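Step one of this worksheet: look at the structure below.
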Amino acid sequence: MAVTKTVDYDAARECYEAGVEDLGENRVQELNRKIPHIPQAKWHLIGRLQTNKVKDIVGKVVLIHSMDSWHLAEEINKRYQQAGLYAPVLLQVNVSGEQQKAGVNPNEVESFLDSVGELKALRIKGLMTIAPEVENSEETRPVFRELYELKRSAANKKFKNVEMDFLSMGMSQDYEIAVQEGSNIVRIGSAIFRHNN
């Protein structure tokens, strides 16, 4: 998936026309600004989502990567239910335990997934994490490996409205290791758009 947060819609369209159909945006406002220019793309919201912005993305994205709290889960459920739609989401997990990062604690993932069945409009499609920024990308391996194990364990438990199809992990600096550890969505921005920055 190409992360278009630092580029204008011409560069994003060029990327789409080159064959990258999945585009990701960090901010709701930017997402809504770019969608009309490339409506045929599969748009993902990958940045932090505030509850008051949920109403602005209903039905516009193929996947919300950053559901990071029960409060947000309830709001997404409510807004999508009102629209008669299902919300495709990933549960963001703070594997690294960094305070500045959003996400549920790895120890709380299974109880969260167990409770999600009561939120009828939610469809959890997998897990997402952001690894620490480190000099040596090899240091991210344990973070990615832990998320993969969480996914495998959750898939075996067969929670209601939960399908562990996707692991969204890995960015420009560490995507190769993420893929080795089981990622099937990598969020690539600067490695694609470097010439635009």
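The values are calculated or read from the model by the stated rules, or taken from the named source; none is laboratory data. Everything numeric here is computed off the predicted structure, so don't read it as measured data. Counting neighbours? That spans all protein chains shown, and the Cβs are built from the backbone with ideal geometry, glycine included.
Annotations
- Some residue of the range 155-163 being without any contact (Cβ under 8 Å) to a residue 40 or more places away in the chain, surrounded by 18 or more Cβ atoms within 10 Å (Cβ to Cβ) and hydrophobic (A, V, I, L, M, F, W, C): no
- Lone unmet requirement of (1) aliphatic (A, V, I, L, M); (2) surrounded by 21 or more Cβ atoms within 10 Å (Cβ to Cβ); (3) more than 28 Å from TYR148 (Cβ to Cβ) for LEU85: (2)
- All of ALA121, ALA131 fail the test of being crowded, with 21+ Cβ neighbours inside 10 Å and touching a residue at least 24 places away in the same chain (Cβ under 8 Å), apart from ALA131.
Each row is one residue, and each column tells you yes or no for (1) surrounded by 21 or more Cβ atoms within 10 Å (Cβ to Cβ); (2) free of Cβ contacts under 8 Å to residues at least 24 places away in the same chain; (3) of a type in the set (Gly, Ala, Ser).
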position	(1), (2), (3)
THR140	yes, no, no
VAL143	yes, no, no
TYR148	no, no, no
SER172	no, yes, yes
GLU176	no, no, no
GLY182	no, no, yes
ILE185	yes, no, no
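- The criterion of at least 2 residues that are aliphatic (A, V, I, L, M) and modelled with pLDDT of 95 or more is met by the following strands (runs of 3 or more DSSP E) wholly inside the range 118-197: 122-128, 162-171.
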